[in-house]
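Working notes for the structure below.
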Amino acid sequence: MGRQITRDFKGQRLHLVGVLKGASIFLADLIRQIPLEVSLDFIAVSSYGSNKQTSGQVRLTKDLDTSIEGHNVILVEDILDSGLTLHYLQQVLSQRKPREMRIAALLDKRGSRIKNVNADYVGFEIPDEFVVGYGLDYAERYRNLKDVCVLSGPAK
């Protein structure tokens, strides 16, 4: 993915926006694979709480620290599933007039899509199962697992 982004933005400056907290580990690995001039910021939203299914409502919990106006922005997300979060973020960030905005998602779970949102860069397509690890969580747990794993059975 880093090679493709580098080819697509050859000679240009990039601004990566990581969606906290889940994308932090993926973003750390991705940014090291992009040998361009890259700046970094974070945004945080909430739509799950401590549930396995989205609440259907997205709320901004941490905004960007810097302006993205005129920048090539790549919104970096851990998982694209319902599309609600990324649809919301696309609306919010596009109002801030980036030069270009694309989406990079580690995982794409098409089976649970509600909003018509597609990532420009996808690591892996996965089935419609709840996954944790490599930054993804269930009620703030399991982010530290080194692999992406399906959460099965009741979690306590």
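For R96, neighbours were defined as the other residues whose beta-carbon sits under 14 Å from its Cβ, and their charges (Lys and Arg +1, Asp and Glu -1) total -3. Using bins of 10 Å that start at zero, the share of Cα-Cα pairs per bin across the chain amounts to 11, 43, 35, 10, 1, in whole %.
Remark: the chain carries 54 Å² of accessible area per residue (probe radius 1.4 Å; ligands, DNA and RNA excluded). Put simply, when 93-106, 12-25 are sorted by average Cβ atoms within 10 angstrom per residue, most first, you get 12-25, 93-106.
Per residue, the chain reaches -4500 deg cm²/dmol at 222 nm when only DSSP H runs of four or more residues are counted, each adding -39500 (n - 2.57).
Share of antiparallel DSSP beta bridges in the chain, in percent to the nearest 5? Roughly 25 percent of the beta bridges in the chain run antiparallel, per DSSP. Give me the percent of accessible area attributable to carbon and sulfur for segment 1-40, probe 1.4 angstrom. C and S atoms contribute 49 percent here. Highest mean first, the peptides 33-39, 131-137 sorted by other C-beta atoms within 10 Å per residue fall in the order 131-137, 33-39. Report, in degrees rounded to the nearest 10, the 0 to 90 angle that the Cα long axis of helix 84-94 makes with the longest principal axis of the chain. Between the helix axis and the principal axis of the chain, the angle is about 20 degrees.
The values are calculated or read from the model by the stated rules, or taken from the named source; none is laboratory data. None of these values were measured; they are calculated from a predicted model. So basically every Cβ, Gly included, is an ideal-geometry build from the backbone, and we count neighbours across all protein chains shown. We work out accessible area using only protein heavy atoms, side chains counted, and drop any ligands, DNA or RNA first. Shrake-Rupley method; radii C 1.70, N 1.55, O 1.52, S 1.80 Å.
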